[in-house]
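Asks: One structure, as structure tokens, below. Some questions next.
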Number of protein chains: 2
Amino acid sequence: MANPTASMIVIGDEILSGRTRDSNMHHLAKELTKVGIDLREVRVVSDDREAIVSAVTALAAETTHVFTSGGIGPTHDDITADCVAAAFGAHIDIREDAYALLAAHYERQGAEFNTARQRMARIPDGAVLIENPVSIAPGFALENVYVMAGVPAVFEAMVASVLPTLTGGAPLLSQNLRIERGEGEIAGPLAALATEYNDLSIGSYPFQKNGIYGANIVIRGQDGARVDAAMSKLAEMFPA
Amino acid sequence: MANPTASMIVIGDEILSGRTRDSNMHHLAKELTKVGIDLREVRVVSDDREAIVSAVTALAAETTHVFTSGGIGPTHDDITADCVAAAFGAHIDIREDAYALLAAHYERQGAEFNTARQRMARIPDGAVLIENPVSIAPGFALENVYVMAGVPAVFEAMVASVLPTLTGGAPLLSQNLRIERGEGEIAGPLAALATEYNDLSIGSYPFQKNGIYGANIVIRGQDGARVDAAMSKLAEMFPA
């Protein structure tokens, strides 16, 4: 059976301007691979209503799950929650359960629960809250879209809350062979191997470092015996 | 006048599976910001013909320039050149100019210019070659799409060849103020500032590290005097 699929939307001008280097994509990609959910596409979009709504609408229709990162804080540029609600035509306002969580948090801290902070309690009708053990302000899941914070520590904690609730597939097994020859010498035999084992995914990732060049050949599949067989054949073709 | 816009397509299962961490996006984002071209969207797609053609078609219509990274080597999974040709309905085959470059290179190296390596001379009709000083196999520009290699050293060299040929806009000026207060305390006054200076982009990027938390407020715009004025006002609101 085919694995469930996923996509991701990274929201933030700070990534597109080169100010910040995103790390949430790499984290999510690794975690999804472990549980057998295939990440098919990632889109990085700016803090722009039309761009976010359009990405959510497109990807929610194309993949089983959509994960978003960024834009759910208290400031004026945090518009993700409203955009996700709009994409599904859901009503959004301050919701009691989220409000109560935040009110208790700021009371414990002795800090004012002001209008800006109350914005973080804006949750679409019908959404399920995602726990935020780091800084309390929750994410939420609406339909098949999981809305999470952009700060890496919070994003990672939310991913850890969400993933156990999803049905995974067969984990993708992967083996890697490093071959110190030009890809041009590897390509012919490799194409023949890919044709023979067309139930597997066989990728070639060239490297070039300190004058040494070659490629990492990665063989991926759900059937461990098939991956083993293809890898043995590859190793015979290119003895170290 | 509005700046030219750009988008990027990163091609590669190795990024989506979490095996490799992409660095080309961050590099391109920084370089485009320097020359005043606004990066609007990045899509990471798998080594899949339909996914690549569909991303090229969509983004070539939406932004002034499209940059691709990955999938132009000699192996069976390198399908980017064919997909970009297909997106524009262009004929693609081994082209003499690219063939000559590669033939000379492999002759100098004393290596066989075999069928796999000849694949790297597949260039769509009407495309302009992009120089590859690192490993010779060229990229190409077709219409408004710049097709470049995924290996970071080669990608960066190709970006350096291409950018001087493009018309940039007014470089985006940016100033940053680090404020060690919760975003919830900053948000109210910041929203008022954003409304007053609505010709500027004002973003808030929270951080949390070693128990210290706060936000970096970044003010961006093309008019240096306006950015200065907004930043002075922000600094008055939140004295260190």
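Asks: Which Cβ of chain B lies nearest the axis of the rotation superposing B onto A, and at what whole-Å distance?
Replies: B:43, 3
Asks: Using a probe radius of 1.4 Å on heavy atoms only, what accessible surface per residue do you get for the protein assembly as shown? Whole Å² is fine.
Replies: That works out to 43 Å² for each residue.
Asks: I would also like to ask the following. Identify, among B:135, A:210, A:106, the residue whose Cα sits farthest towards the positive end of the charge dipole of the protein assembly as shown, taking +1 on the Cβ of Lys and Arg and -1 on the Cβ of Asp and Glu, with the dipole about the Cα centre.
Replies: A:210
Asks: Could you order A:96, B:62 by accessible surface area, starting with the largest, using a probe radius of 1.4 Å?
Replies: A:96, B:62
Asks: Taking a label point 7 Å from the Cα of residue B:131 along the Cα→Cβ vector, which residues of segment B:151-176 have an amide N closer than 18 Å to it?
Replies: Flagged as within label range: B:153-167.
Asks: State the extension gain, in nm to one decimal, for the chain segment bounded by residue A:240 and residue A:111, taking 0.36 nm per residue of separation less the distance between their alpha-carbons.
Replies: Result for the pair: 40.1 nm of gain on full extension.
Asks: When the chain is fully extended, how far beyond the present Cα-Cα distance does residue A:196 get from residue A:54, taking 0.36 nm per residue of separation?
Replies: Contour length minus Cα-Cα distance gives 47.1 nm.
Asks: Could you pull the copy-to-copy label distances for residue B:107, with points set 7 Å along Cα to Cβ, in nm to one decimal and sorted shortest first?
Replies: The answer, with the shortest distance listed first, is 8.3 nm.
Asks: Still on this model: Which residues of segment A:140-177 end up with at least 20 Å² less accessible area in the presence of all protein chains than when their chain stands alone, using a 1.4 Å probe?
Replies: Correct list: A:151.
Asks: Here's another thing I want to ask about it. From the label point of residue A:21, set 7 Å from Cα along Cα→Cβ, how far away are the matching label points in the other copies, in nm, ordered shortest to longest?
Replies: 0.6
Asks: Now a separate question. Lys and Arg at +1, Asp and Glu at -1: add these up for the other residues within a Cβ distance under 10 Å of residue A:117 and post the number.
Replies: -2
Asks: Another question, if that's okay. Considering Cα pairs under 8 angstrom that are at least six residues apart, work out the relative contact order of chain A and quote it in whole percent.
Replies: Reported as a whole number, the value is 18 percent.
Asks: Moving on to the next point. Taking a ≥ b ≥ c as the square roots of the Cα gyration tensor eigenvalues, with a/c under 1.5 meaning rounded and otherwise prolate when a/b beats b/c, else oblate, which class fits chain B?
Replies: prolate
Asks: Using the beta-carbon distance between residue B:212 and residue B:165 and R0 = 56 Å, what value does 1/(1 + (r/R0)^6) give for FRET efficiency, to the nearest 0.05?
Replies: Working from the Cβ atoms, E equals 0.80.
Asks: In addition: Carbon and sulfur atoms: what percent of the 1.4 Å accessible area of the protein assembly as shown do they account for?
Replies: 51
Asks: While we're looking at this one, here's another question. I want the local charge near residue A:229. Using Cβ-Cβ distances under 15 Å, sum +1 for each Lys or Arg and -1 for each Asp or Glu among the other residues.
Replies: For residues surrounding residue A:229, the net value is -2.
Asks: Now for a different question. What FRET efficiency would be calculated for the residue pair residue B:61, residue A:176, taking the C-beta separation as r and a Förster radius of 51 Å, to the nearest 0.05?
Replies: FRET efficiency, residue B:61 to residue A:176: 0.85.
Asks: Moving on to the next point. For residue B:216, place a label point 7 Å out from Cα along the Cα→Cβ vector, do the same in each other copy, and report the separations in nm, one decimal, smallest first.
Replies: 2.8
Asks: Tell me, in nm to one decimal, what length is gained between residue B:104 and residue B:233 on full extension, where the rule is 0.36 nm per residue of separation less the Cα-Cα distance?
Replies: Result: 40.3 nm gained on full extension.
Asks: In Å², nearest 100, what accessible area do chains B and A bury in total when the solvent probe is 1.4 Å?
Replies: Its buried surface, counting both partners, is about 4500 Å².
The values are calculated or read from the model by the stated rules, or taken from the named source; none is laboratory data. Predicted model only: the values in this text are computed from it and were never measured. When we count neighbours, we look across all protein chains shown, and the Cβ atoms used for this are built from the backbone with ideal geometry, even at glycine. Please note that ligands, DNA and RNA were not included when accessible areas were found on the heavy atoms of the full protein model with its side chains. Shrake-Rupley method; radii C 1.70, N 1.55, O 1.52, S 1.80 Å.
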